[in-house]
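Okay, structure first, notes after.
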Amino acid sequence: MTADPVITQQAPTPTELPATVRASLSPSRAADFKTCPLLYRFRSIDRLPERPSVEQARGTLVHAVLERLFDLPPADRTPASAGDLVPGQWDHLVTEQPELAGLFPDDDPSAVTEFLRSASALLGGYFAVEDPRRLEPAERESLISAVVDDELLIRGYLDRLDVAADGALRVVDYKTGGAPREAFEARALFQLKFYALVLWRTRGVVPRVLRLLYLKDAEVCDYAPDAEELVRFERTVVALWRAIERATAARDFRPRPSRLCDWCSHQAHCPSFGGTPPPFPESTATPGPMRDARSSPTPPGADE
């Protein structure tokens, strides 16, 4: 697909929001609540810190390189050029997020070298499934948002949006983890349907393709939504938001143990693992306007 400049409508800024809007929700936080209400509370209400893992940092780095790759002239978008971007993008990320430097021992420079090599290997998986010399993305790392149910702002960042000459949209999301497993595939498609709903509500176009690129295994997963499905999905999102509102008012966020618990950073606070949640923050005892985790983003690469 090639870029088409005719679609220029921007997502609404906070000053343009209807006065009725009183909350916002991102796909990551919605998926958190759907997966485990207590995880949502830990991330969105308690704002418990999460130390990034090496896997998450690698995902963030690969995303940054793929974003910058399209700044190069088409003929220069080669595997070698992508590899050349890796060290500089890592330095940039460490400058912005100094905690990333703590992932590797100071006395073991070979650990960083191996980390950068593993990121370059994932980029090889990208080139196995796409030729960036033939693409001109319309948007990269773009914040999009829409209002649903008159009161809820839904918003998130697209990895990439391609627009065809006939106006058709393709949403592309890079995944640096393994090939689809059921639990992660469902979460990934939930995220892409979220973006599809925003694009449909703001631009009047249902994306033709939602594409997941699994770089580790060089696999592509395409999904074609339709308007009826997005109407149903919108009802699901609104229902999730209302459930979050009820749980907040009742201070009742229960754990939902699953295989995903193995990757959770908050087992020490979770009753399912013998932990105790912190006291519920008084400031969020009553649902307030625009309450969501949008000022507390998903940890780097957490959805990878």
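Observations, loosely collected:
- Here TRP241 clears all of (1) at positive phi; (2) in contact with a strand residue (DSSP E or B) (Cβ under 6 Å, 6 or more places away or on another chain) except the condition numbered (1).
- Of all residues in the stretch 78-105, those satisfying the criterion of being under 14 Å from ARG68 (Cβ atoms) and either in contact with a Ser or Thr (Cβ under 8 Å, 6 or more places away or on another chain) or hydrophobic (A, V, I, L, M, F, W, C) (or both) are ALA82, GLY83, LEU85, VAL86, TRP90, LEU93.
- So THR95, is it under 21 Å from LYS216 (Cα atoms) and surrounded by fewer than 19 Cβ atoms within 10 Å (Cβ to Cβ): no
- Residue among PRO5, PRO74 that alone is at pLDDT 95 or above, exposed (fewer than 14 other Cβ atoms within 10 Å of the Cβ) and within 30 Å of ALA168 (Cβ to Cβ): PRO74
- Pair list, Cβ < 9 Å and 6+ apart or interchain, from the stretch 22-40 residues that are without any contact (Cβ under 8 Å) to a residue 12 or more places away in the chain to residues that are of a type outside the set (A, V, I, L, M) and surrounded by fewer than 23 Cβ atoms within 10 Å (Cβ to Cβ): none
- Selection status of ALA31, in contact with a Phe, Trp or Tyr (Cβ under 8 Å, 6 or more places away or on another chain) and modelled with pLDDT under 95: yes
- Matching residues, the stretch 210-242, being assigned to a strand (DSSP E or B) and touching a residue at least 60 places away in the same chain (Cβ under 8 Å): LEU213, TYR214, GLU219, VAL220
- Restricting attention to the stretch 43-55, the residues that are buried (at least 23 other Cβ atoms within 10 Å of the Cβ) and under 16 Å from LEU260 (Cβ atoms) total 1.
- Scan of the stretch 26-69 for residues that are more than 29 Å from ASP91 (Cα to Cα) and out of contact with any helix residue (DSSP H, G or I) (no Cβ under 7 Å at 6 or more places or on another chain), ordered by number: CYS36, LEU38, ARG41, ASP46
- Taking the stretch 243-276 as the range and being part of a helix (DSSP H, G or I), hydrophobic (A, V, I, L, M, F, W, C) and within 22 Å of the chain's Cα centre (by Cα) as the test, the residues that pass are ALA243, ILE244, LEU260, CYS261, TRP263.
- Which listed residue is at pLDDT below 90 and either of a type in the set (Ser, Thr, Tyr) or under 29 Å from ALA146 (Cα atoms) (or both), from LEU39, LEU17: LEU17
- Taken together, LEU72, LEU116 contain a single residue that is touching a helix residue (DSSP H, G or I) at 6+ places or on another chain (Cβ under 8 Å) and free of Cβ contacts under 8 Å to residues at least 12 places away in the same chain, which is LEU72.
- Residue, nearest to GLY177 (Cα to Cα), within the stretch 49-71, restricted to residues that are at pLDDT 95 or above and in a loop (DSSP other than H, G, I, E, B): PHE70
- Qualifying residue in the stretch 96-108 (condition: under 30 Å from PRO277 (Cα atoms), touching a residue at least 40 places away in the same chain (Cβ under 8 Å), touching a strand residue (DSSP E or B) at 6+ places or on another chain (Cβ under 6 Å) and not small (Gly, Ala, Ser)): no
- For the stretch 100-111, residues that are closer than 28 Å to LEU213 by Cα and surrounded by fewer than 17 Cβ atoms within 10 Å (Cβ to Cβ) total 2.
- Residue satisfying condition, being among the polar types (S, T, N, Q) and either touching a Gly at 6+ places or on another chain (Cβ under 9 Å) or closer than 30 Å to GLU136 by Cβ (or both), within set SER26, SER110: SER26
The values are calculated or read from the model by the stated rules, or taken from the named source; none is laboratory data. What you see is a predicted model, and the numbers here were worked out from it, not measured in a lab. No Cβ is skipped: glycine too gets one built from the backbone with ideal geometry, and neighbour counts run over all protein chains shown.
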